[in-house]
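The values are calculated or read from the model by the stated rules, or taken from the named source; none is laboratory data. Quick caveat: nothing in here was measured; it's all calculated off a predicted structure. Backbone-built Cβ (ideal geometry, glycine too); neighbour counts: all protein chains shown.
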Amino acid sequence: MIENIAAALTYDGLILRGGFTFADGEDAPFGLSGAAAKSVLLVGQAGAAPWPHFLRWREKQSRTVANPLDTWSRRAIGAVAEKFGAHAVSPSDRPYLPFQQWAMRAEGLKPSPLGILTHPQYGLWHAYRGALLFEEEIAIPEPDAAVHLCDTCAEKPCMKSCPVDAYSEQGFAHEACLGHVRGPKGAPCRTGGCLDRNACPYGTAYRYPADVQAFHMAAFAHQY
């Protein structure tokens, strides 16, 4: 089943990002029928592979569609869920589900200084778009031990490139970042993405193109 699900996801440039079985007594979300889920498979992307698929869909939609990438992701993952008898959930669903904790459990990843999980191959250029919840146990391979690249990075350029030092050991200075991005000196961030994220030396082959980064930055600047 896992191989078939992975094949179905490639139609929209998406990939399986691992999964796990909930432990007995664990507070698991609901599956398709309303019973507690027993297994979860995470769905996401590496690099910007889904972008052309998203753009083709968006060309046919009204420009008034709110949160178009989330809407597209729900449609794409929901279609796969329907085919395989799963309940599809999204990171933006309310109440929020612990997607980052699920991702760390499924793939053995750790957060970077920017908060984004660091992948040993993709660096910071990956994302989780949703998950498939099953009410039966699925045999899911254990993840390989992941090397945390940030532990071997002495220079930490991701902490030194932001003009307003938005990221530090104290956390993310949200208001400083937002004010800069919206301001007259924020054009490089608006058009090319977060300078700290782009400074990371890992996974550069998967770096999002400038138009993809600009899309995400515009969503950040206008929605928050």
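Details
- Residue that is assigned to a loop (DSSP other than H, G, I, E, B), surrounded by fewer than 16 Cβ atoms within 10 Å (Cβ to Cβ), of a type outside the set (Phe, Trp, Tyr) and touching a strand residue (DSSP E or B) at 6+ places or on another chain (Cβ under 8 Å), where the choices are Glu137, Glu142: Glu137
- Selected residue (criterion: farthest from Leu9 (Cα to Cα)) from residues of region 110-163 that are among the polar types (S, T, N, Q) and at pLDDT 95 or above: Ser161
- Annotation: Cys153 fulfils all but one of (1) in contact (Cβ under 8 Å) with a residue 40 or more places away in the chain; (2) buried (at least 20 other Cβ atoms within 10 Å of the Cβ); the unmet one is (2).
- Criterion: touching an Asp or Glu at 6+ places or on another chain (Cβ under 7 Å), in a loop (DSSP other than H, G, I, E, B) and over 28 Å from Cys158 (Cβ atoms) - qualifying residue of Ser92, Ser62, Ser33: Ser33
- Condition check for Arg63: touching a helix residue (DSSP H, G or I) at 6+ places or on another chain (Cβ under 9 Å) and free of Cβ contacts under 8 Å to residues at least 24 places away in the same chain: no
- Candidate set from region 166-186 (those that are surrounded by 14 or more Cβ atoms within 10 Å (Cβ to Cβ) and touching a helix residue (DSSP H, G or I) at 6+ places or on another chain (Cβ under 8 Å)); member that is farthest from Phe22 (Cα to Cα): Gly186
- Consider region 17-40 and keep the residues that are polar (S, T, N, Q) and either crowded, with 18+ Cβ neighbours inside 10 Å or within 23 Å of the chain's Cα centre (by Cα) (or both). The one that is nearest to Ile77 (Cα to Cα) is Ser39.
- Residues satisfying the stated conditions in region 70-100, i.e. of a type in the set (Phe, Trp, Tyr) and within 17 Å of the chain's Cα centre (by Cα): Trp72, Tyr96, Phe99
- The set of residues in region 169-212 that are free of Cβ contacts under 8 Å to residues at least 40 places away in the same chain and touching a Ser or Thr at 6+ places or on another chain (Cβ under 8 Å) comprises Leu195, Asn198, Ala210.
- When Tyr202 is tested against (1) outside any loop (DSSP other than H, G, I, E, B); (2) touching a Gly at 6+ places or on another chain (Cβ under 7 Å); (3) not charged (D, E, K, R), exactly one condition is not met: (1).
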